[in-house]
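The values are calculated or read from the model by the stated rules, or taken from the named source; none is laboratory data. Bear in mind that the values here come from a model prediction, so they are computed numbers and not experimental data. Note that each Cβ is placed from the backbone with ideal geometry, even for glycine, and that neighbours are counted across all protein chains shown. Note: areas computed on protein heavy atoms with side chains; ligands, DNA, RNA excluded. Shrake-Rupley method; radii C 1.70, N 1.55, O 1.52, S 1.80 Å.
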Amino acid sequence: MSKVKTYIQSVLDIVKSRNPGEKEFFQAVQEVLESLEPVLERHPKYQDQKILERITEPERVIMFRVPWLDDKGQIQINRGFRVQMNSAIGPYKGGLRFHPSVNVGILKFLAFEQVFKNSLTTLPMGGGKGGSDFDPKGKSDNEVMRFCQSFMTELCKHIGANTDVPAGDIGVGGREIGYLFGQYKRIINEFTGVLTGKAVKWGGSLIRPEATGYGCVFFAQNMLATRGDSIKGKICTVSGSGNVAQYTVEKINQLGGKCVTLSDSSGTIYDPAGIDAEKLAWVMELKNVRRGRIREYADKFKGSQYLDGKRPWGIKCDCAFPSATQNEISEEDAKTLVKNGCKLVSEGANMPTEPGGVEVFLQSKILYGPGKAANAGGVAVSGLEMAQNAQHTNWTREEVERRLKEIMDAIHTQVKTTAEEYGMPGNYVVGANIAGFVKVADAMIDQGLV
Ligand code: NDP
């Protein structure tokens, strides 16, 4: 084993023993650190400065009690978190997730990924993530509001437009951002861009809801272009049916592709005729207004079917867009996708592919865009929302989408050329990890031992 490999392994051993039971965090750290070997070989300063040991330790983790009253007048207690991972290149930035599976390990994995993703966007944003084990499903609007108010009553002490700027993620959309913002403003008595994903009427940016899905499809277009190909005419499978999935379908439709699946945690719908704009509008109403389940799609649209308990990966496709959650593509699923002729996987979700599945995609040489590059469009437009707030201005839809496209093009070029520079052309995993790392690591060295 080379000296650098031994060093990386020793850091991984420390991370594992210091963070017991946090398997998603360890998975994310292992994937990044193992791909940094060539950059550590070339630049010993990163090892001398103990950057790996420092970058895997959050700058700050806040955990707090969130008490609230449900509609029956019963007391409920949830747990709130904010992981402030790294502020070397800007204020902490990253979403809030409300889901029963949330714990400190999940949020540390997401915050760690966010550090590299934000670095790739070219914008000045550090990495953070937060949330709660609160489940918005089945709760009334009033219950969600009371929870958000209680959550923000504590969180407001730790965030600010120049300190830490949260946004949405799973379970946190426009409704939740509204309640959180209202409570922040009431307590701090300041109307600032402390959250992104705000409604356009009160400080939000056009294209923010669309940004992650659109950006992920732009990234896919860029990957396909390296092989003289495009989305046009491609059969696409999409998982999830929330924010990212919805706008992924919208952009694929605009570019002439055909999406045949959507899913939620209960099952998948398969529509061989394609989820066109009209059907998508119905899905948006179902998920964002009525907050129903995706199975209703199969009752509504003839020719489609509901696959109870299934994920979309058994359906034959040219391109796959995992857009639900972490570890939703197993090694077996990856093998099935490749066997069925899938040419491209562009990750809208964070870390949706298990390590064995990533290996399958890399070995088979299909186009594989990891989440930290492919889904960076969401945080990029959050960065643009911060810029507009700071200038007290609003850009047009065309202006924001143009900038989003430019950023996704720049990320693609950066990731591709970094992979080539380190002798692994076409390996977007290595390209994204190294390009994201170098900028943050250099900033940490510049700023001394803090
Ligand atoms: P939403 O809450 O809008 O939608 C999440 C979707 O994923 C729902 O359909 C949900 O189904 C499904 N889902 C959630 N958890 C699970 C699970 N454990 N198993 C199966 N399905 C599940 O979230 P977003 O669309 O915002 O986020 C989706 C992914 O994209 C996440 O990984 C997120 O971190 C990532 N992401 C989001 C960004 C954003 O801007 N919103 C930016 C970058 C990445 P159900 O209703 O049954 O729970």
Considering only the other residues whose Cβ falls under 14 Å of the Cβ of residue 308, what net charge follows from Lys and Arg at +1 and Asp and Glu at -1? +1
With +1 on each Lys and Arg Cβ and -1 on each Asp and Glu Cβ, and nothing else charged, work out how big the dipole of the stretch 182-280 is about its Cα centre, in Debye to the nearest 20. 280 debye
Expressed as a percent, the accessible surface of the stretch 3-55 that is carbon or sulfur, using a 1.4 Å probe and the full set of protein chains, is 50 percent
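Direction-averaged shadow area of the convex hull around the Cα atoms of the stretch 3-55, nm²? Can you show the working numbers first?
Details: hull surface 13.2 nm².
Reported value for the Cα convex hull: 3.3 nm².
Please identify every one of the trypsin sites (Lys or Arg not before Pro) in the stretch 337-385 that sits in a loop by DSSP and has no more than 16 other beta carbons within 10 Å of its own beta carbon. Spell out each step's value before the answer.
On the way: sites: 339, 343, 365, 372; in loops: 343, 365.
Of the trypsin sites (Lys or Arg not before Pro), the ones in loops of the stretch 337-385 whose Cβ has at most 16 other Cβ atoms within 10 Å are 365.
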Go ahead and set up a Gaussian network model of the chain, Cα springs under 10 Å, then flag whichever of 203, 21, 182 fluctuates most. 21
Rounded to whole angstrom, the alpha-carbon centroid of the stretch 359-411 lies from that of the stretch 22-79 at a distance of 22 Å
Assuming 0.36 nm per residue, please report the length gained on full extension of the stretch residue 363 to residue 447 beyond their Cα-Cα distance. 26.3 nm
How much length, in nm to one decimal, is gained on full extension between residue 140 and residue 299, taken as 0.36 nm per residue of separation minus their Cα-Cα distance? 54.7 nm
Most mobile listed residue (20, 209, 136) in the chain, GNM with C-alpha springs under 10 Å: 20
Per GNM of the chain with C-alpha springs under 10 angstrom, the most fluctuating residue out of 22, 401, 190 is 190
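Given a cut-off of under 8 Å on Cα pairs at least six residues apart, what relative contact order in percent is computed for the chain?
Numbers: 921 pairs, mean separation 68.4, N = 450.
Normalised by residue count, the contact order of the chain is 15 percent.
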Using bins 20 angstrom wide from zero, how does P(r) for the chain break down, in % of all Cα pairs? 26, 60, 14, 0
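Please report the net charge: other residues with Cβ closer than 14 Å to the Cβ of residue 161, K and R +1, D and E -1.
On the way: positive: 93, 185, 198; negative: 164, 190, 385.
Here the count lands on 0.
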How much net charge surrounds residue 445 when only the other residues with a Cβ under 12 Å from the Cβ of residue 445 are counted, with Lys and Arg +1 and Asp and Glu -1? +1
Given a 1.4 angstrom probe, what's the average accessible area per residue across the stretch 60-190, in square angstrom? 37 Å²
The distance between the Cα centres of the stretch 167-183 and the stretch 87-153, in whole Å, is 10 Å
Can you tell me the accessible area per residue over the stretch 321-450, all protein chains present, probe 1.4 angstrom, in square angstrom? 38 Å²
Taking all protein chains in place and a 1.4 Å probe, what share, in percent, of the accessible surface of the stretch 60-190 do carbon and sulfur account for? 48 percent
FRET efficiency for residue 332 and residue 201 from the Cβ-Cβ distance with R0 = 51 Å, rounded to 0.05, comes out at 0.65
Quote to one decimal, in nm, the extra length available between residue 189 and residue 163 on full extension: 0.36 nm per residue of separation minus the C-alpha distance between them. 7.7 nm
Membrane-span-like helices in the chain: DSSP H runs reaching 15 Å or more (Cα, own axis), mean Kyte hydropathy at least 1.0? 428-446
Compute, for the chain, the length of the dipole vector about the Cα centre, with Cβ point charges of +1 (Lys, Arg) and -1 (Asp, Glu) only. Units Debye, rounded to 20. 520 debye
Quick one: how many lysine pairs in the stretch 65-224 have C-alpha atoms under 15 angstrom apart, if they're 8 or more apart or on different chains? 10
Once label points are set 7 Å from the Cα along Cα→Cβ at both residue 398 and residue 101, what is their separation, rounded to one decimal in nm? 4.2 nm
Counting only protein heavy atoms and rolling a 1.4 Å probe, one gets per residue an accessible area for the stretch 3-55 in Å² of 53 Å²
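Restricting the count to DSSP beta bridges whose residues both fall in the stretch 211-374, what percent are antiparallel, rounded to a multiple of 5? Working shown, then result.
Details: 8 of 19 bridges.
In the stretch 211-374, approximately 40 percent of DSSP beta bridges are antiparallel ones.
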Along the dipole axis of the stretch 16-75 (charges at Cβ: +1 for Lys and Arg, -1 for Asp and Glu; origin at the Cα centre), the most positive-end residue among 56, 74, 32 is 74
Can you list the trypsin sites (Lys or Arg not before Pro) in the stretch 114-187 that are in a DSSP coil and have 14 or fewer other beta carbons within 10 angstrom? 137, 157
So which chymotrypsin sites (Phe, Trp or Tyr not before Pro) in the stretch 145-229 end up in coil per DSSP with only 16 or fewer other C-beta atoms within 10 Å? 191
